[in-house]
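The values are calculated or read from the model by the stated rules, or taken from the named source; none is laboratory data. Just so it is clear, the model here is predicted, and its values are computed rather than measured. No Cβ is skipped: glycine too gets one built from the backbone with ideal geometry, and neighbour counts run over all protein chains shown.
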Amino acid sequence: MIYVKPKQIVIPGEVLGEGMDIIPGEGTIREGRKIIATVVGLADISGRVLKIIPLEGPYNPKPGHVVIGEVVDIGFSGWIVNIGGPYMANLPVGEAVKEYVDLLKTDLSRYYDLGDKIVAKVISVTRSKNVQLSMKGPGLRKLEGGHIIKITSYKVPRVIGKGGSMIKLIKEMTNTAIIVGQNGWIWIKGSRRKDELKAIRAIYTIEKESHTSGLTDKIKRMLGDKSV
Amino acid sequence: MIRVYEKRFDGRKFDELRPVKMKVDVVPSADGSAVVEIGNTKVIASVFGPKPLHPKHLQNPEKGILRCYYDMMSFSVPERKRPGPTRRSIEISMVMKNALASTLLLEEFPKAVVDVFVEVYEANAGTRCASITAASLALADAGVPMRDLVSAVAVGKVGGMIVLDLTKEEEDHPEGATDIPIAMVGRSGKITALQLDGAITKEELKKALELGKKGCSILYEMQRKALKAKYGVR
């Protein structure tokens, strides 16, 4: 017995359903026969699994995520990278630099220095939440210039849109380069400050109204498309 | 001779709360925040985290920890309160932490910390209850997973009558007053904080607890509404 409709806003403590045939998914727990919401979000039903798409919350790193981070510390054999959320990530030299590095003789800051912004991939997350990053892969690099804005990681799918439609729209209409990290950090670079601001405003609008429908048209109007 | 407290100073019924206002997402720089006004008691709660915890020896590898900080602003009371933590505010911080921690699912964030800061900017009795109510709302707004929301209210005995949600005037009643702050987990009705200041008989305490639970469930409904209002639901 499911008590909620899909896309309905639920809040912690709300009873979503009852019965042992329903499986509690992300953002829910089982309490006796009842399924209880643990976060604010939108209810989502797929078959027998009842889960919540959170609207707010800390970034939860998972292997495979491409994230944007900031180098906050340089250790003996790697870097500590802030990727937002509760945990710092580790970027070892072996995953970051292709050539052989003599750790005793090299100053690691010649590769990545404090404050550098990077695009990296999460390769592993242990049970005690040690996050490991890698720079090996297409598009993983140091970011030069541009701006970084931060949004809730759960709203990243809305910013990207179905098959990347939303982000493609913003890129084309504002003439900017945008990289969206799974952690909700977004890098924007345009040739003119005006374009960047336009893109930033569009992304913040998506974040604020992610739970409503008809967003694509709204963003189109906002960016000055007269046809809608 | 015991005079009976027949009519409340502010004209409320004995089982009536003061006018309540709640709003979430009021502090832009915080991860979650809420303001709760119960009569002339007004508090702001802001939540930061879960975030990395330092120094490292405070980290718990099994689950995240919760830190609460309760503070009264210097202008919140008729006579200026000296700023900074006091014996009283340290105790209330602990009471708040104990009232909230059992509802949070902190095992999802090992080694991390969630900070809750509550500022009382106008005090008129029941500040610890308003603080717990606001803190729970702010935690939910921050997206910290929790079993349920916690709401809190004070009940007491004033001039021989059991009353809900005491004001400062009632706490200072010449016949003496008993003050009982209660924090309750919304749906299950479990009590996570219970204090008692004054004298009360067993029968009266039972009556007071029933009244307190009633008050808490009204506040719980308001909390739910406040959270949904952020997303434009009703």
**Prompt:** Can you pull out the residues in the stretch B:150-161 that are surrounded by fewer than 24 Cβ atoms within 10 Å (Cβ to Cβ) and within 19 Å of residue B:182 (Cα to Cα)?
**Reply:** B:161
**Request:** Evaluate the stretch B:129-143: report whether one residue or more is in a loop (DSSP other than H, G, I, E, B) and within 14 Å of chain A (Cβ to nearest Cβ).
**Result:** yes
**Asked** Counting just the residues of the stretch A:75-99 that are β-branched (Val, Ile, Thr) and over 23 Å from residue A:150 (Cβ atoms), which one comes out nearest to the other protein chains (Cβ to nearest Cβ)?
**Response** A:93
**Prompt:** Filtering the stretch A:160-180 down to residues that are among the β-branched types (Val, Ile, Thr) and over 17 Å from the mean Cα position of the chain (by Cα), which residue is nearest to residue A:119 (Cα to Cα)?
**Reply:** A:176
**Asked** Quick one: how many residues across the stretch A:111-133 are over 23 Å from residue B:109 (Cα atoms) and either of a type in the set (Val, Ile, Thr) or in contact with a helix residue (DSSP H, G or I) (Cβ under 8 Å, 6 or more places away or on another chain) (or both)?
**Response** 4
**Residues of the stretch B:203-234 satisfying the condition of being within 14 Å of another protein chain (Cβ to nearest Cβ) and under 16 Å from the mean Cα position of the chain (by Cα)** = B:216, B:217, B:219, B:220, B:221, B:222, B:223, B:224, B:226
**Of all residues in the stretch A:57-72 being out of contact with any Lys or Arg (no Cβ under 9 Å at 6 or more places or on another chain) and either among the small types (Gly, Ala, Ser) or not in a strand (DSSP E or B) (or both), the one that is nearest to the other protein chains (Cβ to nearest Cβ)** = A:57
**Request:** Return the only residue of A:212, A:152 being modelled with pLDDT under 95, within 14 Å of chain B (Cβ to nearest Cβ) and in contact with a strand residue (DSSP E or B) (Cβ under 9 Å, 6 or more places away or on another chain).
**Result:** A:152
**Prompt:** Listed residues B:177, B:226, B:183, B:208; which is closer than 16 Å to residue B:99 by Cα and buried (at least 20 other Cβ atoms within 10 Å of the Cβ)?
**Reply:** B:183
**Request:** Filter the stretch A:7-36 for residues that are in contact with a helix residue (DSSP H, G or I) (Cβ under 7 Å, 6 or more places away or on another chain) and surrounded by 22 or more Cβ atoms within 10 Å (Cβ to Cβ) and give the result.
**Result:** A:11, A:12
**Asked** Could you say which residue among A:49, A:4, A:15 is aliphatic (A, V, I, L, M), more than 10 Å from chain B (Cβ to nearest Cβ) and more than 26 Å from the chain's Cα centre (by Cα)?
**Response** A:4
**Asked** Are there any pairs with C-beta distances below 6 angstrom linking a residue in the stretch A:136-162 that is touching a residue at least 40 places away in the same chain (Cβ under 8 Å) to a residue that is among the β-branched types (Val, Ile, Thr) and part of a strand (DSSP E or B), with the two at least 6 apart or on different chains, and if so which?
**Response** A:140/A:119; A:146/A:188; A:147/A:188; A:149/A:186; A:159/A:180
**Asked** Just for helices (runs of 4 or more DSSP H) wholly inside the stretch A:136-228: which have at least 2 residues that are of a type in the set (S, T, N, Q)?
**Response** A:165-174
**Asked** If we keep just the residues of the stretch A:117-135 that are assigned to a strand (DSSP E or B) and of a type in the set (Lys, Arg), which is farthest from the other protein chains (Cβ to nearest Cβ)?
**Response** A:121
